1. Got at least one residue in segment 134-150 being at pLDDT 90 or above, closer than 18 Å to D119 by Cα and of a type outside the set (D, E, K, R)?
2. Just to be sure I understand, how many residues within segment 37-68 are of a type in the set (S, T, N, Q), more than 17 Å from V109 (Cα to Cα) and either in contact with a strand residue (DSSP E or B) (Cβ under 8 Å, 6 or more places away or on another chain) or buried (at least 19 other Cβ atoms within 10 Å of the Cβ) (or both)?
3. Pairs under 7 Å by beta carbon, first residue assigned to a loop (DSSP other than H, G, I, E, B) in segment 67-78, partner surrounded by 15 or more Cβ atoms within 10 Å (Cβ to Cβ) and among the β-branched types (V, I, T), six or more apart or different chains?
4. Does A72 meet the test of being in contact with a Ser or Thr (Cβ under 9 Å, 6 or more places away or on another chain), aliphatic (A, V, I, L, M), more than 21 Å from Y103 (Cβ to Cβ) and modelled with pLDDT of 50 or more?
5. Output the residue which, of all residues in segment 115-126 that are among the hydrophobic types (A, V, I, L, M, F, W, C) and under 14 Å from the mean Cα position of the chain (by Cα), is modelled with the lowest pLDDT.
6. Determine which member of the set H125, H139 is in contact (Cβ under 8 Å) with a residue 60 or more places away in the chain and surrounded by 15 or more Cβ atoms within 10 Å (Cβ to Cβ).
7. Can you name the number of the only condition in (1) part of a loop (DSSP other than H, G, I, E, B); (2) modelled with pLDDT under 90; (3) closer than 21 Å to G41 by Cα that V154 fails?
8. Suppose we filter segment 82-114 for residues that are within 21 Å of the chain's Cα centre (by Cα), of a type in the set (A, V, I, L, M) and not in a helix (DSSP H, G or I); how many remain?
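The values are calculated or read from the model by the stated rules, or taken from the named source; none is laboratory data. Predicted, not measured: the structure shown is a model, and the values here were computed from it. No Cβ is skipped: glycine too gets one built from the backbone with ideal geometry, and neighbour counts run over all protein chains shown.
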Amino acid sequence: MTKKWLIGALAVPLAAAGLAFVRAQEADAPPPDDPASYPSGQPIAFPHNIHAGTYKMDCQYCHFSAERSVDAGLPPLETCMGCHRIIPGTNKPEEIQKLQDYYNRGEPVPWVRIYKISDHAHFPHMRHIKAGLQCQQCHGEVQETEVLNRPNPVWGGKNMGWCVACHRKEGASDDCSVCHY
């Protein structure tokens, strides 16, 4: 057995396991007991307007797999705690304390899913990013939104017709098999 063959034989299962992990974090995470019980609609009132707006953090810093996967991904708590660990003592804001509590328990944050397309279609983030689209073209001005607890109004009106029109405008394929299984 050559080294090249061995590397190739391991690459596919490892890549599949990585994709499965990202999808499990984003789509298959156990749902919260009662999303309506969260005052913000999310277990942690994550302020996109502070992170992406004020601090100008790139969307892909948190949604790390968007440029190389179908799913955009959610950051592991270690990423969040990289910055939030430095807030001193007991003066941490309530939402950062919640983040710290999930981290200390070793539990993922049970985010309430916001953006979801039909199960018979797929949206490969990596292809759209490679084509030069900005996240805001589909998700709206997220950097101006405090807490995402429902789809941005811009997204709310989007449907297959909107996607087909965009594909035609941008010169992308509008063959059904591009988006549908």
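1. So far as segment 134-150 goes, no, none of its residues is at pLDDT 90 or above, closer than 18 Å to D119 by Cα and of a type outside the set (D, E, K, R).
2. First, pick out the residues of segment 37-68 that are of a type in the set (S, T, N, Q): 37, 40, 42, 49, 54, 60, 65.
Next, from what is left, pick out any that are more than 17 Å from V109 (Cα to Cα): 49, 54, 60, 65.
Checking the rest, the ones that are also either in contact with a strand residue (DSSP E or B) (Cβ under 8 Å, 6 or more places away or on another chain) or buried (at least 19 other Cβ atoms within 10 Å of the Cβ) (or both) come to 65.
Summing the residues that are of a type in the set (S, T, N, Q), more than 17 Å from V109 (Cα to Cα) and either in contact with a strand residue (DSSP E or B) (Cβ under 8 Å, 6 or more places away or on another chain) or buried (at least 19 other Cβ atoms within 10 Å of the Cβ) (or both) in segment 37-68 gives 1.
3. E67/I129; S69/V22; D71/V22; G73/V22
4. Details: in contact with a Ser or Thr (Cβ under 9 Å, 6 or more places away or on another chain): yes; aliphatic (A, V, I, L, M): yes; more than 21 Å from Y103 (Cβ to Cβ): yes; modelled with pLDDT of 50 or more: yes.
So A72 passes the test.
5. The initial filter retains those residues of segment 115-126 that are among the hydrophobic types (A, V, I, L, M, F, W, C), namely 117, 121, 123, 126.
Remaining after also requiring under 14 Å from the mean Cα position of the chain (by Cα): 117, 123, 126.
Values: I117: 81, F123: 88, M126: 93.
Only one residue tops the list, namely I117.
6. Values: H139 fails: in contact (Cβ under 8 Å) with a residue 60 or more places away in the chain.
None of the others qualify; the one that does is H125.
7. With respect to (1) part of a loop (DSSP other than H, G, I, E, B); (2) modelled with pLDDT under 90; (3) closer than 21 Å to G41 by Cα, V154 is out only on (1).
8. Filtering segment 82-114 down to residues within 21 Å of the chain's Cα centre (by Cα) leaves 82-84, 95-96, 98-100, 102-103, 106-114.
Next, only the ones that are of a type in the set (A, V, I, L, M) stay: 96, 99, 109, 112, 114.
If we keep only those that are not in a helix (DSSP H, G or I) too, we end up with 109, 112, 114.
Within segment 82-114, residues that are within 21 Å of the chain's Cα centre (by Cα), of a type in the set (A, V, I, L, M) and not in a helix (DSSP H, G or I) number 3.
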